[in-house]
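Here the structure is laid out as structure tokens; the discussion comes afterwards.
The values are calculated or read from the model by the stated rules, or taken from the named source; none is laboratory data. What you see is a predicted model; the values in this text were computed from it and never measured. Methodologically, a virtual Cβ is constructed for each residue, glycine included, from the backbone with ideal geometry; neighbour enumeration extends over all protein chains shown.
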Amino acid sequence: MTEPPKIEDFPHQDYDKLRYGDLDTLGHVNNVVFATLFSTGRTGLFGLPDIDAWNRADVTFVIARLELDYHAELRWPGTVESGTGIKSIGKSSVALFQALYQAQNCVATAHTVMVQVSAKTHRPVPISDTMRALLAPYMFMFRS
């Protein structure tokens, strides 16, 4: 694996506070919680006021793929920072690269594909030029 970027290199950053209930029997954060932490970054990016993808009447975005790689244990108590950037924008999909950090240490990375779907039919629909322009500032050229 290529060294992950630093958190400050990502065009969108977010954070979560770890909870005692996130732990498994080994005392570290359970693997399934990582997916939730990545969700905070994705939904945070798509929910930014300039993008506002969650409040559109005609379309929304759904997750179609999540590929997650674990690099280190995540420990409670503490916080986790997430970095999210857009790798590419397709006809109806957006590919993201994300990373989670605890104390500046990358603990996981993810490749995610979000698909824009019709709010009525739940079928993929092309991403408009307007939405492409809104997403463009969050493009991330890191090679993962």
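Every residue in the range 44-91 that is in contact with a Ser or Thr (Cβ under 9 Å, 6 or more places away or on another chain) and of a type in the set (Val, Ile, Thr), please.
Of everything in the range 44-91, those that are in contact with a Ser or Thr (Cβ under 9 Å, 6 or more places away or on another chain) and of a type in the set (Val, Ile, Thr) turn out to be Val59, Thr60, Ile63, Val80, Thr84.
If you go through the range 29-53 one residue at a time, how many are more than 15 Å from Thr130 (Cα to Cα) and in contact with a helix residue (DSSP H, G or I) (Cβ under 8 Å, 6 or more places away or on another chain)?
6
Of everything in the range 82-93 that's of a type in the set (Val, Ile, Thr) and under 22 Å from Lys6 (Cα atoms), which residue is surrounded by the most Cβ atoms within 10 Å (Cβ to Cβ)?
Thr84
Those residues that are buried (at least 16 other Cβ atoms within 10 Å of the Cβ) and over 20 Å from Asp24 (Cβ atoms), I need them from the range 63-81; list them, please.
Glu81
Residue pairs, Cβ under 8 Å, 6 or more apart or interchain, first in the range 86-104 and closer than 17 Å to Glu73 by Cα, second acidic (Asp, Glu). List them.
Matching pairs, first to second residue: Leu100/Glu81; Tyr101/Glu81; Gln102/Glu81.
Quick one: which of Arg123, Arg42 is basic (Lys, Arg) and surrounded by 13 or more Cβ atoms within 10 Å (Cβ to Cβ)?
Criteria check complete, one pass: Arg42.
Please specify each residue of the range 45-62 satisfying the condition of being crowded, with 16+ Cβ neighbours inside 10 Å, over 21 Å from Phe140 (Cβ atoms) and aliphatic (A, V, I, L, M).
The one that is crowded, with 16+ Cβ neighbours inside 10 Å, over 21 Å from Phe140 (Cβ atoms) and aliphatic (A, V, I, L, M): Val59.
Among the residues of the range 59-79, write down those that are hydrophobic (A, V, I, L, M, F, W, C) and under 14 Å from Arg42 (Cα atoms).
Of everything in the range 59-79, those that are hydrophobic (A, V, I, L, M, F, W, C) and under 14 Å from Arg42 (Cα atoms) turn out to be Phe61, Val62, Ile63, Ala64, Leu66, Leu68.
Pull out all pairs, ordered by first then second residue, where Cβ-Cβ is under 6 Å, the residues are six or more apart or on different chains, the first lies in the range 53-75 and is within 22 Å of Cys106 (Cβ to Cβ) and among the aromatic types (Phe, Trp, Tyr), and the second is at pLDDT 95 or above and in a strand (DSSP E or B).
So the pair list comes out as Tyr70/Ala108.
Identify all residues within the range 8-24 that are assigned to a loop (DSSP other than H, G, I, E, B) and either charged (D, E, K, R) or within 11 Å of Tyr101 (Cβ to Cβ) (or both); write none if there are none.
Within the range 8-24, Phe10, Arg19, Asp24 meet the criteria.
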